[in-house]
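Below: the structure, in structure tokens.
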Amino acid sequence: MQIYQEFSDEQKRAAKILALVFLFLVNVLLLGVFASYALSAWGDWRGVSGPRLQVSFQGDGKVTAKPDVAKLQITVISDNKILSYAEEDNTKRANAVIGFLKKQGIAEKDIKTTSYSVSPQYSYPRPCFGPGPCPPVERTKIIGYQIYNALDITIRDVAKVSDILDGVVESGVDQISNLQFTIDEPDELKAEARGKAVADARKKAERLAKQLGKRVGKIAAFSESGGSPPIIFGREAMLGKGGEGPAPAPQIEPGENEIAVSVNITYELR
């Protein structure tokens, strides 16, 4: 204030003008902030009080990867007139198969018995035809037993699949079925595919919003579908055998698995 008192009248008038200009600019700035806030609040109120335009888009994403696990089912079947002989044969061959698998590095947790059944085999009386008298009807009787022993196998070294298929047959397996190649932990790959699908849906939404002179707002709804189907081989492709005599180990190619995810996203357009 002392400095101001020392100003001349002309300097005092200039200082007052500068102060008034400064106050005017501050008021304009505050008014602009208030107006911006008011417009934003009004827009939000309109969105709450009235329906906004909503549009839905499907997005697709996929990634490919080599499978790292093979799964299959093997079955040992034994037939004999005497049940104990059938059980002995089945046990002997099943143990040989399990022993072979363990020598190939298959862990116990990856060998699982999924079915064990004993079925009597019956003889049925022949039907009688013709004009003559029919002989006394024979009663249905048991003529033997069949034991069906199925195991699910998980092979974590897919390079060994061909040799294992050949080896289990030589060890006593009668049937091989449901061979499929999968990815042991697909969650990370599925997340990558989902990210691509979401980006695809967003791109479609932004394209439409630009055409309508709007902008993409918040997500109103989301759904997802898809996964990673396994690669499955038929029995002939698995065994690679035919005719008589020993055959070379079947050539098995795991190829690649495709993990595909589709999303459906509903956006608000503002």
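Counting just the residues of the stretch 77-86 that are polar (S, T, N, Q) and part of a strand (DSSP E or B), which one comes out least open to solvent (accessible area, probe 1.4 Å)? Don't jump to the end; show me each part of the working.
As a first pass, look at the stretch 77-86 and keep what is polar (S, T, N, Q): 78, 80, 84.
Still in the list and also part of a strand (DSSP E or B): 78, 80.
Details: S78: 2, N80: 57 Å².
Here the answer is S78.
The residues listed here are D89, D110; of these, the one that is surrounded by 14 or more Cβ atoms within 10 Å (Cβ to Cβ) and over 14 Å from V76 (Cα atoms) is D110. Just one of (1) open to solvent by 50 Å² or more (accessible area, probe 1.4 Å); (2) in a strand (DSSP E or B) fails for R202. It is (2).
Six or more apart or on different chains, Cβ atoms under 6 Å: show the pairs whose first residue is in the stretch 116-140 and at pLDDT below 70 and whose second is open to solvent by 70 Å² or more (accessible area, probe 1.4 Å). Short answer, once both residue conditions are applied: C128/C134. Residues of the stretch 97-112 that are in contact (Cβ under 8 Å) with a residue 12 or more places away in the chain, closer than 17 Å to V158 by Cα and more than 31 Å from the chain's Cα centre (by Cα): F100 alone. Counting only residues that are in contact with a Ser or Thr (Cβ under 8 Å, 6 or more places away or on another chain), over 20 Å from A150 (Cβ atoms) and modelled with pLDDT under 95, the stretch 161-212 holds 4 of them. Residues that are assigned to a helix (DSSP H, G or I) and surrounded by fewer than 13 Cβ atoms within 10 Å (Cβ to Cβ) within the stretch 174-190 comprise D187, E188, listed in sequence order.
Being over 38 Å from the mean Cα position of the chain (by Cα) and at pLDDT below 95: is that true of R215 here? Spell out how you get there, then give the answer.
Numbers: over 38 Å from the mean Cα position of the chain (by Cα): no; at pLDDT below 95: yes.
No.
Out of the stretch 144-173, which residues are in a strand (DSSP E or B), among the β-branched types (V, I, T) and within 14 Å of V76 (Cβ to Cβ)? Across the stretch 144-173, the qualifying residues are I147, I153. Against the conditions (1) open to solvent by 40 Å² or more (accessible area, probe 1.4 Å); (2) touching a residue at least 24 places away in the same chain (Cβ under 8 Å); (3) closer than 29 Å to Q251 by Cβ; (4) not polar (S, T, N, Q), where does A94 fall short? Just the number, please. Every condition holds for A94 apart from (1). Of the residues making up the stretch 229-270, those that are among the hydroxyl-bearing types (S, T, Y) and either at pLDDT below 60 or touching a helix residue (DSSP H, G or I) at 6+ places or on another chain (Cβ under 7 Å) (or both) are S262, Y267.
The values are calculated or read from the model by the stated rules, or taken from the named source; none is laboratory data. All values derive from a computational prediction rather than experimental measurement. When we count neighbours, we look across all protein chains shown, and the Cβ atoms used for this are built from the backbone with ideal geometry, even at glycine. Just so you know, the surface numbers come from the protein's heavy atoms only, side chains and all, with ligands and any DNA or RNA stripped out. Shrake-Rupley method; radii C 1.70, N 1.55, O 1.52, S 1.80 Å.
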